[in-house]
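K.L.:
Here it is, the structure, as structure tokens.
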């Protein structure tokens, strides 16, 4: 399976570097480049990529605003944010909007390849630096109600808690099913129940909660 990508970054040297890195590895095809968020939407409409590698802050239309427009497309791509700083206020907006991942630009090539493969399978990937920061900042603008969170987690059944933990590692439903030797339909049910009991809107928030509550190994 070849993963089709659009790279959105206002710095040409970053776009060129990412293209060179990705095209040096089997399984990736860069089908377009964008100089800002508005251009990313245009490129996505033209090329129907699987994933958009999106810079967080760009002129004309930033990454978060661009992601909301991408979500409205007939075939919306997944979005992996790449940024220089993990404490940028825009990070929380991106997570709340359901980004598939957030990584720092100083990551190794193999880490990027692995993250893209996980996201293409439906998983989510976040830098540990970001998740550590969120353990102290689970408050607006990240819409996760933290009051009584421990009590709500206590209402989860063992199967729901284990599914929550694996969501925190970035696993997609099919991976969780294999890991726990469950039917895919059962995993889907446990995911829905866990989100409802915790008052969460999406898997991204679930991953943050799992990490912040110590369910995910920090390594």
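K.L.:
What is the number of the single condition among (1) in contact with a helix residue (DSSP H, G or I) (Cβ under 8 Å, 6 or more places away or on another chain); (2) exposed (fewer than 14 other Cβ atoms within 10 Å of the Cβ); (3) at pLDDT below 85; (4) within 29 Å of residue 77 (Cβ to Cβ) that residue 140 does not meet?
P.N.:
(1)
K.L.:
Select from segment 109-124 the residues that are outside any helix (DSSP H, G or I) and either at pLDDT 90 or above or surrounded by 21 or more Cβ atoms within 10 Å (Cβ to Cβ) (or both) and list them in ascending order.
P.N.:
Result: 123, 124.
K.L.:
Quick check on my filter: what residues within segment 1-21 are in a loop (DSSP other than H, G, I, E, B) and touching a helix residue (DSSP H, G or I) at 6+ places or on another chain (Cβ under 7 Å)? Can you show your working first?
P.N.:
Residues of segment 1-21 in a loop (DSSP other than H, G, I, E, B): 1-2, 9-11.
Once the filter is applied, which keeps residues that are in a loop (DSSP other than H, G, I, E, B) and touching a helix residue (DSSP H, G or I) at 6+ places or on another chain (Cβ under 7 Å), segment 1-21 yields only 9.
K.L.:
Would you be able to say whether some residue in segment 154-162 is modelled with pLDDT of 90 or more, part of a helix (DSSP H, G or I) and exposed (fewer than 15 other Cβ atoms within 10 Å of the Cβ)?
P.N.:
Initial filter on segment 154-162 (modelled with pLDDT of 90 or more): 155-162.
Applying the additional criterion that residues be part of a helix (DSSP H, G or I) yields 158-162.
This time we only want the ones that are exposed (fewer than 15 other Cβ atoms within 10 Å of the Cβ), so: 158.
So far as segment 154-162 goes, yes, one or more of its residues are modelled with pLDDT of 90 or more, part of a helix (DSSP H, G or I) and exposed (fewer than 15 other Cβ atoms within 10 Å of the Cβ).
K.L.:
Only one of these conditions is not met by residue 147: (1) in a loop (DSSP other than H, G, I, E, B); (2) at pLDDT 80 or above; (3) farther than 30 Å from residue 21 by Cα. Which number is it?
P.N.:
(2)
K.L.:
Anything in segment 62-80 that is part of a helix (DSSP H, G or I), touching a strand residue (DSSP E or B) at 6+ places or on another chain (Cβ under 9 Å) and either closer than 11 Å to residue 40 by Cβ or modelled with pLDDT of 95 or more (or both)? List them, or say none.
P.N.:
Within segment 62-80, 63, 66, 67, 70 meet the criteria.
K.L.:
Select from segment 22-39 the residues that are assigned to a helix (DSSP H, G or I), under 14 Å from residue 110 (Cα atoms) and modelled with pLDDT of 95 or more and list them in ascending order. Working first, answer last.
P.N.:
Of the residues in segment 22-39, the ones assigned to a helix (DSSP H, G or I) are 22-23, 37-39.
In the following step, the residues that additionally are under 14 Å from residue 110 (Cα atoms) were identified as 22-23.
Answer for segment 22-39, where residues must be assigned to a helix (DSSP H, G or I), under 14 Å from residue 110 (Cα atoms) and modelled with pLDDT of 95 or more: just 22.
K.L.:
Here's another thing I want to ask about it. Restricting to segment 91-103, count the residues that are over 22 Å from residue 23 (Cβ atoms) and in contact with a strand residue (DSSP E or B) (Cβ under 9 Å, 6 or more places away or on another chain).
P.N.:
First pass over segment 91-103, keeping only residues over 22 Å from residue 23 (Cβ atoms): 91-99, 102.
Within this subset, residues satisfying the condition of being in contact with a strand residue (DSSP E or B) (Cβ under 9 Å, 6 or more places away or on another chain) are 91, 94-95, 97-99, 102.
Matching residues across segment 91-103 total 7.
K.L.:
Please go through (1) at pLDDT 85 or above; (2) in contact with a helix residue (DSSP H, G or I) (Cβ under 8 Å, 6 or more places away or on another chain) for residue 178 and return the number of the only condition it doesn't satisfy.
P.N.:
(2)
The values are calculated or read from the model by the stated rules, or taken from the named source; none is laboratory data. The shown structure was predicted, so the numbers you read here are calculated from the model rather than taken from an experiment. Note that each Cβ is placed from the backbone with ideal geometry, even for glycine, and that neighbours are counted across all protein chains shown.
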